[in-house]
1. Can you find even one residue in segment 277-284 that is under 27 Å from residue 320 (Cα atoms), of a type in the set (A, V, I, L, M, F, W, C) and part of a helix (DSSP H, G or I)?
2. Before we move on, is residue 184 surrounded by 17 or more Cβ atoms within 10 Å (Cβ to Cβ), in the same structural domain as residue 67 (by TED's automatic domain parsing) and touching a residue at least 24 places away in the same chain (Cβ under 8 Å)?
3. Against the condition crowded, with 23+ Cβ neighbours inside 10 Å, in the same structural domain as residue 208 (by TED's automatic domain parsing) and in a helix (DSSP H, G or I), how does residue 130 come out, does it pass?
4. I'm told residue 260 meets every condition in (1) crowded, with 16+ Cβ neighbours inside 10 Å; (2) polar (S, T, N, Q); (3) not in a helix (DSSP H, G or I) except one. Can you identify the failing condition by its number?
5. Of the residues that sit in segment 18-42 and are small (Gly, Ala, Ser) and within 18 Å of the chain's Cα centre (by Cα), which one is surrounded by the fewest Cβ atoms within 10 Å (Cβ to Cβ)?
6. Quick check: anything in segment 71-94 touching a helix residue (DSSP H, G or I) at 6+ places or on another chain (Cβ under 8 Å), charged (D, E, K, R) and crowded, with 17+ Cβ neighbours inside 10 Å?
7. Here are the criteria: (1) within 21 Å of residue 271 (Cβ to Cβ); (2) in contact with a Phe, Trp or Tyr (Cβ under 9 Å, 6 or more places away or on another chain); (3) surrounded by fewer than 22 Cβ atoms within 10 Å (Cβ to Cβ). Tell me which single one residue 236 does not satisfy.
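The values are calculated or read from the model by the stated rules, or taken from the named source; none is laboratory data. Only a predicted model underlies this, so the values are computations on that prediction, with no experimental measurement involved. All Cβ positions, glycine included, derive from the backbone under ideal geometry; neighbour counts span all protein chains shown.
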Amino acid sequence: MKSNNTKLDSIKIFDNKYQFPIYLPDATLGVVRGLNSSEVKKAGIRGAVINTYHLMSNPGTEILDKVGGIKKFMNWDGMTASDSGGFQLFSLIHKNPKLGKITDEGVYLYTGEKQQRKTLFTPEDSIRVQFSIQSDIMICLDDFSPIDSSPKRLQKSVDRTIAWAKRCKAEFVKQCKKRGYTDGNRPLLLGVVQGHNSEKLRKYCAQELIKIDFDGYGLGGWPFKENRDFDYDVCQITADATPDDKIRFALGIGSPENISRLYQMGYNIFDCVLPTRDARHKRLYNFTKDPKEIDFIKDKDWYKYLYISRGSLSADTSPIEEWCDCLSCQNHTKAYLNHLFKVKDNLAFQLATIHNLRFYSRLMEALKNN
């Protein structure tokens with residue numbers, strides 16, 4: 001599907017500057033856990049995703065405004081994308097409904113289960129906080145489609161997502177004017193396509209968001225089937241329903257296999273916690289052959305997991321992966337990393353995280369050149 005908007009070619013602007021596809025590690029509070037910004041950059045990472053809701057709470061918008069935004073705060077010169085905070089609020093309320101409720105007006109949050117005090121977080125609030133963050137890509141607040149919802153609740157989720165997107169766009173335009181942005185230097189704003197596993201609702205949501213006109217569109221919701229298999233059909237439906245000349249952001253995706261498959265569908269940006277979380281849990285990613293030689297459409301089993309704490313590796317003097325050029329592989333052995341995890345030294349997390357992030361950045365390079 002083609003877009004009618006010719007004002008700002010978001011694909012070209014960001015591809016020229018950051019190169020698609022791009023993977024964004026989790027930097028929820030302005031930090032990729034265990035690494036400084038220089039180490040993240042040396043691993044080949046060109047962007048990071050940060051959390052609007054959490055940064056609003058700590059350090060807060062007042063400090064972010066004073067220091068000039070999150071990039072200056074964390075000394076990061078790569079891309080930053082700020083999620084809306086919607087998923088975190090949904091998760092909080094889904095786990096304990098006494099802590100808040102989702103309404104057409106916005107998300108009400110209570111200070112505790114006794115619900116003595118409440119605050120309202122609106123689509124406009126989300127955009128204003130993201131302008132304090134000064135991220136390169138901002139995302140509209142959306143109503144996450146519950147996986148176990150009734151047809152009525154699912155329809156409500158889509159209708160509310162569209163209504164909130166309109167409010168986000170209006171506030172975004174207002175903030176751009178207030179802060180003196182021009183169409184050439186402003187951040188990008190992305191709408192989020194909801195609808196869970198309903199093809200009809202996914203297409204409807206995408207069509208209505210396109211009418212509002214965004215710089216790109218995010219894959220919203222939980223893309224898994226009831227049997228927990230990844231739902232590639234929903235991802236394809238969403239990709240087909242959104243314009244080819246706008247950014248497609250696979251929000252929260254995912255595993256190397258997920259990324260490879262969705263890149264073939266036309267998604268440009270990916271973010272997930274897997275490589276950094278797995279590194280802390282002693283699971284490392286390895287290509288099974290030189291990534292330059294991988295055919296990602298035909299080849300199977302092109303990567304594997306290395307469980308670094310296994311006793312069989314305690315005397316293995318080979319690098320984590322023979323083709324990897326990361327700091328960890330170039331300077332240390334499997335045996336040493338095995339030892340570091342055994343003695344519970346923080347360097348273990350650091351070296352493992354560097355390797356996994358470099359695996360993901362090399363995956364992006366290989367996909368682009370495939």
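1. yes
2. Judged against the criteria, residue 184 is not a match.
3. Yes.
4. Among (1) crowded, with 16+ Cβ neighbours inside 10 Å; (2) polar (S, T, N, Q); (3) not in a helix (DSSP H, G or I), residue 260 violates only (3).
5. Applying the filter and picking the extreme gives 37.
6. yes
7. In the conditions (1) within 21 Å of residue 271 (Cβ to Cβ); (2) in contact with a Phe, Trp or Tyr (Cβ under 9 Å, 6 or more places away or on another chain); (3) surrounded by fewer than 22 Cβ atoms within 10 Å (Cβ to Cβ), residue 236 misses (2) alone.
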